[in-house]
Each structure stands twice: as C-alpha cells, then as structure tokens.
Amino acid sequence: MATQLRVHYTHLVTYLGYFNEQDPESIITRILAACLSIRRMTCSARISEALAVNARLFRAPGRVNIIGEHTDYNDGLVLPTNTALYTWLTISPRMDRTVQVTSSNLGDMQSFSLDDIRRSEYPGWLDYLKGVAALIESQGIRLRGAEISVDGEIPIGGGLSSSASLELAAATALLEISGATMQPQQLASLCQQAEQLYAGVNCGIMDQYTVACCQRGEAILLDCRSLDATSVAIPAEISLIVTDSGVKHRLPDGSYNDRADECQKALELIKKIEPDVHSLRDVSMTMLHKAQDSMDSRLFRRARHVVKEIDRVNSAFAALKSNNIEKLGALVSDSHASLRDDFEVSCDEVERLVEIADACDGALGSRMVGGGFGGCVLSVVHTDRVDEIVQQLGSDYGEITGEIPWIHIVLPTDPAAEVDTQ
Ligand code: GLA
C-alpha cells in the first residue's frame, strides 16, 4: 500500500513539471499543483510576482548531458541539451553599487559591493554571482547595483548544472539592467571563468555553453576546442528521464579537480612520446597504448575513458541523426561503465539506480550524468514506456532508500533569457 502511494506521488510530480511547461494555466496543471501543494510556481505566477515589486524576470535552464562526460576540459566533444527546470531570478536596479541577493531555496540573504569584490576563502553560493559580476566589469562594463531574488528548481548537486544556470541567469540580468549586452558564447566563456576563479572548480565549457546557447527542442554536438556547435533533433520515439540518486555531489570538494589533474598528468606522459598532441582530444588508443608503460594504471584508465568517450560522442551524434535509438542506448550504457570503472566517478547509490533503470522494460540505456560522485541518472527510454518506467524507478529506488526519488522528464527548452512580462 505504501509503495502504491509513493508511485502515485512520483507520477504527479513528474507530470506537474511536464504540464507546467506545456500549458502553465491549464486546469490539469493547477489541479496537480494544488494536490501536491509543492512550491513550484507557474511562469505566469512568477511574472505577477515580479510585476508586483517592479522587478524584471529572468530564467536560465538546467542542462542534461546525453553523452560526453569529463571530455570538455580535455578539448573534447559533448552532446548536451537544456531542460525546462529553471533558475528564476528577479532583479531591480539600486542607486548604489551594492548587489543584495536573496536565495529562496536556501532562505538566505547576502550582499557584496561591486567596488570591492573579493573571492571567499570557502566559496559559497554568492561567489557565483560575485564571479560573474567581477568578470563582466573586467571587460570594461560598469554594472549597476541590484536587488536580486533567486529561486531555483534544479536540484543542487544533482549533475544538472544548477551552478551554470545561476551564473547565466545572474550574468544576463546584471548586463540587461546595466544597458549592456554580450554574445551568448562570450557570456558562456565568461561564466566558465567565473566558476573557475571564484568557485575554484576547474570546469570545462559544456554547462555554461549549453545553458547560454542551446535552443529549444534540440541537443548540440559541441566541440569544446573550437566551440563549433551542430544541433540535432531528439527523435520523438525516445524520451530522457532524469532520476536523482539523492546523493549530493559538491564539485568544489576537490575530486573533480583531481580528475582534471590526472588527465593533465596522463597527457604530459603521452607528450613525451607524441610531442604533437596538445590535449587528450588529440590522442588515439594506439598512442595511448604506446605510452602505457610510462604511466600507472590509474592514469591510463583516466585517459582511456576520455579517448573512448570522445569516440562515443561522435557515434551517438550519428545514431541520433539516423534514428538508431538502440545504438544510442548502448553507447549511453558504455559511457556509464567507463565512468564507473575507468574514471571512477560513480557511487553505490548511482549504481543501484542504473541497475533498476536497466531492468525496466523499454529502457535503452542509463548512466550517471554530470561531474559524478552522486547526483542524477539519465535514462534514454522508449517514449511509449515513460509512464511505466517512471513508476518502476520511483517504486524500486524508493524501496531501497525509503524516500520518493525526484524524477524529471527532460523537455529541451530555450537558453537563458529575460522573460517577457508584458
Ligand atoms: C561538470 C563540469 C563540466 C563537465 C562535467 C563532466 O558539470 O562543470 O564542465 O566537466 O562536470 O562532464
């Protein structure tokens, strides 16, 4: 009986997210929201709130990486999309140069002065905003002080880029109220730098680029070296489901940077034999095998993951283009095995969830998504099996943890932008 109730609830949460995006005003959306009495507000309710306090409203989506994990900071390829889970941000200018920020999620209010932006010794959520403000000003743009309120729907530490979404929402809003603009690609690079310098995460460009540039309804094959992006449609026969393992990863904790360092070390050793390579992107399996004796097994496996994952991204792009959904699913599963065994960024809870997802009838492939060490699992599934799979994921993983997992059906949406309140 308890299981039945949980399943029911999971369904409602999932469908509320879906209908909210399709038609926020529909009866079904309102009934679902009322039934659940959860805090997720419709877009029009957010517009009303912003108008009531004379503020402008911005939103930035989350990103879901279909395949290509830990390849971006190795100059490699990635294949991500956006999803309709947003960081919502209201903003109104101040007369002085103070930026005061309220976080509804964290029930916290903090501020900083644009005339004295300092990095914190232990980075917290405000540092993402400090970072983007400092870097925008370093481009010669003078920002106005602001009252900001942030409300995020993206699970923090879930591998869906809640930080890049916050950075892009804040950067877009601060620029707009200061009468300045930047190209989305330039803004993505600036936000990436902000995360590196102010949050201390040596991240690649994937998250910020996707949140800033990926358009509604598409995924992009992004070359993280040239920043060339090619869009591709996601076939209607497949849906992407994201389930939170409930284990929060925190990239500033260091393990992510350790992986980036290990890739760099492996590269240095390969360069001794192949001096023309500039990054792991340039390395083939033949080159890696030639250098194998010069490195320990851990470095070899880290490099092998990156080299093979870049290949998988190319194959996944081809599979998407040719509607070869079985192949796509198999590549997603291979990616997970490599992230678990070679890159060692999975954990027990994520493994259980992947096993549960793999056992679902109609699931094509599942893997951890994002930086790893917890967070969400992405499942590529047959669209006509979504209901049953959501039910099974919810009940089977719920049985293990005793809690209803958060489940989201991916809905590729617009990049970061102001919301039209007129
Ligand atoms: C995090 C980083 C990205 C990328 C992924 C792993 O999300 O911010 O740059 O490296 O991890 O693919």
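The values are calculated or read from the model by the stated rules, or taken from the named source; none is laboratory data. Please read these numbers as outputs of a predicted model, since none were measured by experiment. Here Cβ is always computed from backbone atoms with ideal geometry, including for glycine, and neighbour counts include all displayed protein chains.
Here the stretch 207-224 is the region considered, the condition is being closer than 18 Å to R59 by Cα and in a loop (DSSP other than H, G, I, E, B), and the residue that is nearest to the ligand (Cβ to nearest atom) is C214. In the set A199, A212, only one residue is in contact (Cβ under 8 Å) with a residue 60 or more places away in the chain and touching a Ser or Thr at 6+ places or on another chain (Cβ under 8 Å); that residue is A199.
Does the stretch 44-94 hold any residues that are basic (K, R) and surrounded by 21 or more Cβ atoms within 10 Å (Cβ to Cβ), and which are they? Write out each step before concluding.
Looking only at the stretch 44-94, we keep the residues that are basic (K, R), and these are 46, 56, 59, 63, 94.
Scanning the stretch 44-94 gives R59, R63.
State all residues of the stretch 346-384 that are in a helix (DSSP H, G or I) and of a type outside the set (D, E, K, R); if no residue qualifies, say none.
Once the filter is applied, which keeps residues that are in a helix (DSSP H, G or I) and of a type outside the set (D, E, K, R), the stretch 346-384 yields V350, L353, V354, I356, A357, T383.
The requirement of being in contact with a Lys or Arg (Cβ under 7 Å, 6 or more places away or on another chain), more than 11 Å from the ligand (Cβ to nearest atom) and not in a loop (DSSP other than H, G, I, E, B) is fulfilled somewhere in the stretch 246-265, by at least one residue.
Looking at G157 and the list (1) in contact with a Lys or Arg (Cβ under 8 Å, 6 or more places away or on another chain); (2) at pLDDT 95 or above, which single condition is not satisfied? Checking G157 against (1) in contact with a Lys or Arg (Cβ under 8 Å, 6 or more places away or on another chain); (2) at pLDDT 95 or above, the one that fails is (2). Residues in the stretch 42-72 that are modelled with pLDDT under 95 and either within 16 Å of the ligand (Cβ to nearest atom) or of a type in the set (D, E) (or both): E49 alone. Given the condition in contact (Cβ under 8 Å) with a residue 60 or more places away in the chain and polar (S, T, N, Q), answer yes or no: does some residue in the stretch 364-374 qualify? Within the stretch 364-374, not a single residue is in contact (Cβ under 8 Å) with a residue 60 or more places away in the chain and polar (S, T, N, Q).
Of the residues in the stretch 162-206, how many are assigned to a loop (DSSP other than H, G, I, E, B) and either within 21 Å of S111 (Cβ to Cβ) or under 17 Å from the mean Cα position of the chain (by Cα) (or both)?
Step one: filter the stretch 162-206 for residues assigned to a loop (DSSP other than H, G, I, E, B), giving 178-183, 200-205.
With the extra rule that they be either within 21 Å of S111 (Cβ to Cβ) or under 17 Å from the mean Cα position of the chain (by Cα) (or both), the set shrinks to 178, 201-205.
Residues that pass the stated criteria total 6.
Just give me the residues in the stretch 290-337 being touching a Lys or Arg at 6+ places or on another chain (Cβ under 6 Å) and polar (S, T, N, Q), in sequence order. Result: S335, single match. When you look at A236, is it part of a helix (DSSP H, G or I) and in contact (Cβ under 8 Å) with a residue 24 or more places away in the chain, yes or no? So A236 does not fit the description; no.
Could you list, in sequence order, the residues of the stretch 69-128 that are among the aromatic types (F, W, Y) and out of contact with any strand residue (DSSP E or B) (no Cβ under 9 Å at 6 or more places or on another chain)? Residues satisfying the conditions are Y73, Y122, Y128. One residue alone among E355, E344, E351 is surrounded by fewer than 24 Cβ atoms within 10 Å (Cβ to Cβ) and farther than 30 Å from L267 by Cα, and that residue is E355.
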